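Reviewing the structure listed below.
The values are calculated or read from the model by the stated rules, or taken from the named source; none is laboratory data. The structure presented is a predicted model; accordingly, all values stated were derived computationally and were not measured. Because the Cβ atoms are built from the backbone with ideal geometry, glycine has one as well, and the counts that use them run over all protein chains shown. When the accessible area is computed, the model is the full protein with side chains, heavy atoms only, and any ligands, DNA or RNA have been set aside. Shrake-Rupley method; radii C 1.70, N 1.55, O 1.52, S 1.80 Å.
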Amino acid sequence: IARGYHERYGESHAEANAINSADQDLSEATMYVTLEPCSHFGKTPPCANTIVESGIKRVVVAMEDPNPIVSGKGLEILMENGVEVKVGVLREKAERLNEIFIKYIKTKRPFTILKAGMSLDGKIATHTGESRWITGKSSREYGHLLRQKVSAILVGINTVIMDNPMLNTRLDKIQCKDPLKIVLDSHGKTPLTSNVLTRNPINTIIAVTNLAPDENIKAFKKRGADVIVTTASHGKVDLQFLMEELGRRKIDSLLIEGGGEVNFGFLKQNLVDKAVFFVAPKIIGGLNAKTPVEGQGIAYMKDVINLQDVQISNVGQDIMIEGYIK
């Protein structure tokens, strides 16, 4: 008889939206929620209290809230007020739905997705650097759905210089939400004419090291961009510090669309939670053609990164392989 979801940070939660959209008496209704109703005053009143006031007598909860200030307390409020509560229905699916929230609440770091598209022989560009388009339209649309889902998208300086991406979300018939744009730029080389600094630069973070010239940092800020400065870790941005800082800024999710060096940097430091790879039925070849993960690489098979909970599906003519790194 009614549905609701948490549409925007700081606004009504799912339970309140569902209750407010119902146009009939709720005393005989059952509410189904993917996450335990909150029990504290934050940006909005406690959802558990809202449910009690609505007259709903039964609530089915897929999983408890891992947030210590909520965990179990929302359920207690319901039960103390005579509401029948059942917990744990479809728990695993709920944990998948709530994976961003769970990771951020537990670690205060963003849930990180590494996305890459490649040919059948593992290339992300030809030996001349041409890369448009390896994957098909359906895969590219799915990539924009991922952008729609996350708080921020990250690329390296080489991607900015070579491709000059806009890093926005483009989907038909959907109101798009552009993620925050983050550029890894150790030496402060981002061109002032690049799309990330001319198209909504206030939505851009340039992550540099202390090796970047002060005048370049000032120029980025003058454009309206934010700048995060880290100490140089082997001449590059300190990724551990960067992830901590993004967490402090309440950025709960990050999509990495970098090149091989950036991707390996995050994988090497165990900063990737989920990998999504699209494989196109094309063969490119070339010893010097770029691949999605480069860097130093893994020396021994016993040390390779294995995906878990792997799912394989067709997206148009491409194959999508997704899994978790634990």
Q | All aspartates and glutamates inside 13 Å of K189 as judged from Cα atoms, apart from same-chain residues fewer than 8 positions distant | A | D214, E215
**Q.** Solvent exposure of the stretch 55-184 as accessible area per residue, Å², 1.4 Å probe
**A.** 52
Q) Is the shape of the stretch 1-109 best called rounded, prolate or oblate, per the rule: a/c under 1.5 gives rounded, else a/b larger than b/c gives prolate, else oblate, with a ≥ b ≥ c the square roots of the Cα gyration tensor eigenvalues? A) prolate
Q: Would you mind calculating the relative contact order of the chain from Cα pairs under 8 angstrom and at least 6 residues apart, reporting the percent as a whole number?
A: 18
Q) Taking a 30 Å limit on the Cα-Cα distance, which of the listed pairs K103/K282; K115/K177; K93/K282; K250/K326; K181/K290 fall beyond it? A) K103/K282; K93/K282
(Q) If the reach is capped at under 17 angstrom between alpha carbons, list the lysines near K86, excluding any in the same chain fewer than eight residues apart. (A) K57, K73
Q. Rounded if a/c is under 1.5, else prolate if a/b is larger than b/c, else oblate: which is the stretch 193-250, with a ≥ b ≥ c the root eigenvalues of its Cα gyration tensor?
A. oblate
Q. What's the longest piece of the chain with no exposed chymotrypsin sites (Phe, Trp or Tyr not before Pro), counting a site as exposed if DSSP puts it in a loop and it has at most 12 other beta carbons within 10 Å?
A. 134-299
Q | Computed [θ] at 222 nm, helices only, for the chain once each DSSP H run of length n ≥ 4 contributes -39500 (n - 2.57) | A | -8000 deg cm²/dmol
Q: Would you list which aspartates and glutamates come within 20 Å of K106, measuring only between C-alpha atoms, while excluding same-chain residues fewer than 8 positions from it?
A: E36, E64, D65, E92, E95, E244, E245, D252, D273
Q: Starting from the stretch 1-59, pick out the trypsin sites (Lys or Arg not before Pro) whose DSSP state is loop and whose Cβ has at most 11 other Cβ atoms within 10 Å.
A: R3, R8, K43
(Q) For Cα pairs less than 8 Å apart in space and 6+ apart in sequence, what is the mean separation divided by the residue count of the stretch 78-158, i.e. the relative contact order in percent? (A) 13
Q: Label the stretch 235-326 by shape, choosing from rounded, prolate and oblate, from the square roots a ≥ b ≥ c of the eigenvalues of the Cα gyration tensor; if a/c is under 1.5 it is rounded, and otherwise prolate applies when a/b is larger than b/c, oblate when it is not.
A: prolate
Q.
Within 10 Å, Cβ to Cβ, of P201, how many net charges do the neighbouring residues add up to if Lys/Arg are +1 and Asp/Glu are -1?
A. +4
Q: Place a +1 charge on the Cβ of each Lys and Arg in the chain and a -1 charge on the Cβ of each Asp and Glu, then give the dipole magnitude about the Cα centre in debye, rounded to the nearest 20.
A: 880
Q: Could you please state how large a percent of the accessible area of the chain is carbon and sulfur, counting protein chains only and using a 1.4 Å probe?
A: 51
Q: Mind pulling up the Rg/Rh value for the chain? Radius of gyration and Kirkwood radius, both on Cα.
A: 1.02
Q | the stretch 1-73: GluC sites (Glu not before Pro) in DSSP coil with no more than 12 other Cβ atoms inside 10 Å | A | E7, E11, E28
Q: Between L192 and K326, take the C-beta separation as r, use R0 = 45 Å, and let me know the FRET efficiency to the nearest 0.05.
A: 0.65
Q. In whole Hz, what ³J(HN,Hα) sequence does the stretch 79-87 give by Karplus (6.51, -1.76, 1.60; θ = phi - 60°), x for Gly and Pro?
A. 5, 5, 9, x, 8, 6, 10, 10, 10
